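Okay, so here's the structure we're looking at.
The values are calculated or read from the model by the stated rules, or taken from the named source; none is laboratory data. Note that this is a predicted model, so its numbers are computed, not measured. All Cβ positions, glycine included, derive from the backbone under ideal geometry; neighbour counts span all protein chains shown.
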Amino acid sequence: MDDIKKILHRWYEKFKTLWGQGKIQRSSRITYDITWNIILFFIIIGVIGFFFAGGVGAGYFASLVKDEPVRSYDSMKKDIYNYEETSTLYFAENKYFGDIRSDIMREEVKLENVSDTLINAVIATEDRNFREHEGVVPKAILRAVVQEATNAAVKTGGSTLTQQLIKNQILTNEVSFERKAKEILLALRLERFFDKDEILEAYLNIVPYGREASGRNIAGIQTAAQGVFDVDAKDLNLPQAAFLAGLPQSPTYYTPFKNSGGLKSKEALQPGINRMKTVLARMYEADYITKEEYDKALEYDIVADFTLESKSPMDKYPYLMYEAERRAVNILSEQLAKGDGYTIEDINSDEKLKEEYRIRADRALRKNGYQIHTTIDKKTYAAFQEIVKNYHNYGPDRTYTVVDEETGEEVKVTEPVQTAGMLIENATGKIISFIGGRGYSPDSTFNYATRAKRSNGSTMKPLLDYAPAFENGIIQPGTPLADIRTYYGKYSPDNYSGTFHGLVSARKALAESYNVPALAVYNRLMNKGIGQKYLEKMGITTIGDKEYSNLVLGIGATTRGVTIEENINAYNTFANGGKFVDAYMIDKITTNDGEVIYEHKSEPVEVFSPQTSYLTLDILRDVIDYGTGTYLQSQLNTVSSVDWAGKSGTSEAWKDYWFIGTNPNITMGTWIGYETPYPINECSSCAPYNERNMKLWAKLVNKATEINPELMAPEKNFERPDGIVDKSYCAISGKLPSDLCSKAGLVYTDLFNAKYVPSKTDDSLITGSFVMVDGKAVVAGPKTPKEFVNGDGLTFNPEFLQKNNYDRLDDLTKLFPAKNRASWEKIGVPSGDIGSTIADDGKAPAAPANVTKSGSTLSWSDSSSKDVVGYRIYRASKPGASFSLVGNTTSTSYEVGGGNAVYVVKAVDYFGMESKVSETVKVGSFSKTEQKAKDPKSDKPAKSDKPDEPEKPDKPDKPGKPEDGDKPPKDGNGKTKPPVEPPAQDPPDKKKNN
């Protein structure tokens, strides 16, 4: 220790001596000068380098943004608020039901409707200095650059909320110095133009938040709050706000929902919950929440708040969603085209132009946040879907084999019976509800109601045949129409049963849907060039011009078909007094701010007069009263209290079945058929196909009436307009009754348009009695045996028959209908050269030959003489006994019964002369003596034997009860088959006045 002290003392003394000599001072001054000069040199170099680097940096920065235009306030405002917003869909009465399909769902919200807690959570997490900076934070940018350069494991990011808004709304997500430079420049400019709340509101509306409960992508805080927690953004609590504020960093990773909808697994939820805790920690550090709030939020069960898995509107209402979108796009495309100076005709005639505007309209619909208001009643629509789903009487599925075009392998295809329908308000055209199909496949969104084109069968008859004919005075409801075998070239139509019904009124022909009269009416319209214009005015546009020259179009045998909507919609023309009102589903389209950019206006089109419409409706009432729709009487709750009118229809080969009903307020129709047209009647264990559809129709109508009785069940009836009169007419000709027509009991009463009341008196009958001679009817002569005379002093006027081509019939009794048959049988049935007489050759007719007996029937061959009017049958009790007259007939057979007897037949001519007896026919068992007995040689019966009372001549067989439903006929090529109809009932004896 002493040695150390000595050394230190020696150094001190030496330093003291040098200091005193000034050597230390001189050395220090030199060192100081050198050191300072060196430092000063580096400072100067540093400053120069700094300015040089700054200049270079500034120059580089300038080069990066040189192509970026100087944006104005209006330009930037348009850009930052131009975020895609999902358009929304509404039922009638402003009831929300879903959003338009888009890549991402977004609903705009004002900042005042966002909770302060959420705002604080976002600022604490994304940009703590948001309220203080000018758009960028240099320190944060430098830190981000260093982290990027060093490839740091944890990167804090350098973008402010302002920069993120610029990146999302104006620039892109490209990673480059150029994009970053532009982002900085625009962020600084944005802060000059907009205040902090405006920037924050825009940011909260554009930021993505992952998925909502049904699996759809969402953006914007309001959509996120609703989609994740089922609350509005203004009602978020602290844990919920923290969870949502954490999602934008990695929306797909942190979202609690799977792509397909529904919650993730417990393990997959944990990253999002951890992120929520991070947000809570940052809020606490930034003094937005207290320690107590922080701790309580950490313990909160956020999983319990997540929205339960739900079906998207597309899952719940697929037909409605697609149809509303399709119609909205059509409306917007037309508006865009009109705005550019194009007409609808221009667009429809140019497919390329049409597609261009459709794409533009579709894009606008998915990004502009429109509100699409439909006419669909929510309760009725939901009820219809449920009924269709649970209805079990459609008929069997059809399975068949097809060949796969790609593989060439046979593949089995199964198709159910599909259905479609629509409920339309008559006065406005509003589509209240519809059925798009049975939803057989989860992927099936084909809307049969609006897109399927099907043959409309006999529902075409009122539209194309009868109403146009009424309108032009060609026929009226009481006009007689001949349902008889008719030929149009090689084509001869049939009815369903294969039988015909004779002369029937237009009313009965339509009510029971006979084919032949309908075709006769349409043929007359075609000859006058009438029909097409009426159908087109009623909105049926799917039928080509060339089809109107096809006769079978008159019974609904179409080439391309009509849509279910078109066919049903056309019927409101009758309910609206002859004015067609086009059906529509989109009531209006508005912006998010409530500005109306489209609103539907109904524009009625005059098609028929009120008189024509009422006459048609009155007959369509009969369809339900006694025609093809009588089944509804047992199914429809309002059949007695509501004024219903309707029409059934079956297409060729039973491939489609329809029923359309209308009352003063609404028109409702349904259709059933396989997607690939195929007969629907091939099911022995099913109810009749017509009943299957009408039962469904009734169920739908009954339910809709339960939901909305004022609309569905009006107390008023169809109003009978002026110009409709009740008038009596002759059922044979449709003219005013004559005395002879009254005598026959064939005067009926029906409704007429006053303009077309018959003015001429019936001339279809004349007086006289007739007999059939050689297949023709001629006036009976004074010697003609009375038992062979037809008619009660009445017969058809030959001129009437010739004018209507009835003289070509081989049997005029084919004109006799089943109804009131006895009255018709009072009429003689002449044909050929009426009024002429038969020349008397003075010879007895030749005897009939080939007399035989089979069972109880005696049969023979016609006499070879041409003046024979009938035959007399004689009977003897045994061979050798005298013959007695037992009957007469105009045919070649006679019922004789059993027992032992011998029979002969004689022919009788126009002048009462008898032929010789025919060969005898022995019936029964006789003794050998009796067998050997000879027949009398005289041709006359024994005087002692009194002839039996002759039997009355046989009457023509009456046709069976008419059956509606028309057997599909074939054309000359054997291809075209017209519609068919189901069984009907006989009409009342008299038409009730309405």
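Odds and ends about this structure:
- G210, sole failed condition from (1) closer than 13 Å to F306 by Cα; (2) touching a Pro at 6+ places or on another chain (Cβ under 6 Å): (1)
- Against the test of being closer than 14 Å to G661 by Cβ and over 23 Å from the mean Cα position of the chain (by Cα), the options D618, D643, D593 yield a single qualifying residue, D643.
- Output for region 662-680, where each listed residue is under 24 Å from R451 (Cα atoms) and out of contact with any Gly (no Cβ under 8 Å at 6 or more places or on another chain): I666, G673, Y674, E675, T676, P677, Y678, P679
- Filter pass, L320 being surrounded by fewer than 18 Cβ atoms within 10 Å (Cβ to Cβ) and either modelled with pLDDT of 90 or more or assigned to a strand (DSSP E or B) (or both): no
- Residue match in region 335-345 (condition: within 30 Å of N693 (Cα to Cα) and touching a residue at least 12 places away in the same chain (Cβ under 8 Å)): no
- Residues that are in contact with a strand residue (DSSP E or B) (Cβ under 6 Å, 6 or more places away or on another chain), over 11 Å from T920 (Cα atoms) and not in a loop (DSSP other than H, G, I, E, B), drawn from region 844-857: T857
- Selection status of L636, in a helix (DSSP H, G or I) and closer than 16 Å to K699 by Cβ: no
Okay, residues lined up against (1) buried (at least 22 other Cβ atoms within 10 Å of the Cβ); (2) in contact with a helix residue (DSSP H, G or I) (Cβ under 7 Å, 6 or more places away or on another chain); (3) aromatic (F, W, Y):
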residue: S651; (1), (2), (3): yes, yes, no
residue: Y657; (1), (2), (3): yes, yes, yes
residue: T662; (1), (2), (3): yes, yes, no
residue: I680; (1), (2), (3): yes, yes, no
residue: A687; (1), (2), (3): no, no, no
residue: L696; (1), (2), (3): yes, no, no
residue: N708; (1), (2), (3): no, yes, no
residue: L711; (1), (2), (3): no, no, no
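A quick yes/no check of all residues on (1) farther than 25 Å from T670 by Cα; (2) among the hydrophobic types (A, V, I, L, M, F, W, C):
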| position | (1), (2) |
| --- | --- |
| A583 | no, yes |
| I589 | yes, yes |
| D618 | no, no |
| L632 | no, yes |
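- Of all residues in region 632-649, those satisfying the criterion of being crowded, with 17+ Cβ neighbours inside 10 Å and hydroxyl-bearing (S, T, Y) are T638, S648.
- Criterion violated by K338 - all others in (1) surrounded by 16 or more Cβ atoms within 10 Å (Cβ to Cβ); (2) within 40 Å of the chain's Cα centre (by Cα) satisfied: (1)
- Looking across D587, D545, one residue alone is surrounded by fewer than 22 Cβ atoms within 10 Å (Cβ to Cβ), more than 16 Å from F470 (Cα to Cα), touching a residue at least 24 places away in the same chain (Cβ under 8 Å) and among the acidic types (D, E). It is D587.
- Checking L535 against (1) farther than 26 Å from F800 by Cα; (2) in contact with a Leu (Cβ under 9 Å, 6 or more places away or on another chain); (3) in a loop (DSSP other than H, G, I, E, B), the condition it does not meet: (3)
- Test: residue in region 363-378 that is without any contact (Cβ under 8 Å) to a residue 40 or more places away in the chain and either within 30 Å of F91 (Cα to Cα) or in contact with a Lys or Arg (Cβ under 6 Å, 6 or more places away or on another chain) (or both): yes
- Scanning region 855-876 finds one or more residues that are of a type in the set (D, E, K, R), in contact with an Asp or Glu (Cβ under 8 Å, 6 or more places away or on another chain) and within 14 Å of V904 (Cα to Cα).
- The set of residues from region 394-427 being in a loop (DSSP other than H, G, I, E, B) and surrounded by 15 or more Cβ atoms within 10 Å (Cβ to Cβ) comprises Y394, G395, P416, N426, A427.
- Odd one out for I597 among (1) more than 27 Å from Y448 (Cβ to Cβ); (2) in a helix (DSSP H, G or I); (3) in contact with a Phe, Trp or Tyr (Cβ under 9 Å, 6 or more places away or on another chain): (2)
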